[in-house]
Amino acid sequence: MILDTQYLGALVDGDAGAREKATELDAKPVPTRVPTAVVWEAYTGIGNADIDAADELRALYERLLASRSTLDLAPEVARRAGELNGEHLRSDELAELDGADSVVAAHGLLLDEAVVSNDADFRDVDGLDVVTY
């Protein structure tokens, strides 16, 4: 399972649905992985947070990330993500994927793993399995 920034943020915020999904995922013998693009997005949020909140946010994200492996942005992932991003930018019908979402979707497609997220933009990615909560 590929974990999206939106899902990790919901866990940090204490969202009940996200916590229930985390309990469900922890009970399965399936790895949960975090793309480095998601780490970058999370830390962008930390950097943009009020100074008083940044340390607490950092600690919460570090705790979440410590128990999961990360997925690097390998060249084949970058190529697939770029193609996805371009296809969605060109389309008048598909939801626009930002750069990080394109990377998350590419990991899911290339590894044949579902993405855990409530981000509606992923629903327009052909062939991508999205698990919501």
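In table form, for the structure just shown:
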read-out	value
Qualifying residues in region 23-51 (those that are among the acidic types (Asp, Glu) and outside any loop (DSSP other than H, G, I, E, B)) - the one surrounded by the most Cβ atoms within 10 Å (Cβ to Cβ)	Glu41
Candidate set from region 58-83 (those that are in a helix (DSSP H, G or I) and aliphatic (A, V, I, L, M)); member that is surrounded by the most Cβ atoms within 10 Å (Cβ to Cβ)	Ala81
Residue satisfying condition, being at pLDDT 95 or above and either surrounded by fewer than 12 Cβ atoms within 10 Å (Cβ to Cβ) or under 22 Å from Ala74 (Cα atoms) (or both), within set Ala10, Ala16	Ala16
The one condition in (1) in a helix (DSSP H, G or I); (2) without any contact (Cβ under 8 Å) to a residue 40 or more places away in the chain; (3) of a type outside the set (Phe, Trp, Tyr); (4) under 23 Å from Glu113 (Cβ atoms) that Asp55 fails to fulfil	(4)
Residue identified as modelled with pLDDT under 95 and either over 16 Å from the mean Cα position of the chain (by Cα) or closer than 22 Å to Ala42 by Cα (or both) among Asp72, Asp101, Asp92	Asp92
Residue in region 104-133 that is surrounded by the most Cβ atoms within 10 Å (Cβ to Cβ), counting only those that are part of a helix (DSSP H, G or I) and out of contact with any Lys or Arg (no Cβ under 9 Å at 6 or more places or on another chain)	Val104
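The values are calculated or read from the model by the stated rules, or taken from the named source; none is laboratory data. No experiment lies behind these values; they were computed from the predicted model shown. Heads up, the Cβs are rebuilt from the backbone with ideal geometry, glycines too, and the neighbour counts pull from every protein chain shown.
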